[in-house]
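Okay, structure first, notes after.
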Amino acid sequence: MINLCPKTYLIIFSKMVNCYVFVLVLQLAKHVYKASKIAATASTGKLELLREIGVDFAIDYTKYNFEDLPEKYDLVYDAVGETFEPMNVIFIGSHEP
């Protein structure tokens, strides 16, 4: 069981932004568990869709290496299954309000 709280930062890796599982994970994290910040990766053409469905920080994986971004996350949800690097974006410690 994963214990999300209002200070949780979540990043979602997915190739299928319009997939039901992606949307379900996003909506549960945001509205049920009240995660404070949710980021997700997508190609350039799907960034606006990410924002429309509630992602706080849309990352274009064709232009940016998510590991080089300054933000770190408490939880990684990898729906791609090919990503071995997410551990480099995990935040250790606690986020200040």
Problem set entry | Residue that is modelled with the highest pLDDT [pool: residues in the range 55-85 that are β-branched (Val, Ile, Thr) and in a strand (DSSP E or B)] | Ile59
For this session: Give the range 9-59 a look and list any residue that's surrounded by 15 or more Cβ atoms within 10 Å (Cβ to Cβ), hydroxyl-bearing (Ser, Thr, Tyr) and under 14 Å from Ala79 (Cβ atoms), or say none.
Result: Ser14, Thr41
For this session: List every residue pair whose Cβ atoms sit under 8 Å apart, with the two residues 6 or more apart in sequence or on different chains, where the first one lies in the range 25-54 and is assigned to a loop (DSSP other than H, G, I, E, B) and the second, anywhere, is among the charged types (D, E, K, R).
Result: Ser36/Lys7; Ser43/Asp60; Gly54/Lys30
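The values are calculated or read from the model by the stated rules, or taken from the named source; none is laboratory data. Keep in mind the model is a prediction, meaning the values are calculated, not measured. Cβ atoms come from the backbone with ideal geometry, glycine included; neighbour counts cover every protein chain shown.
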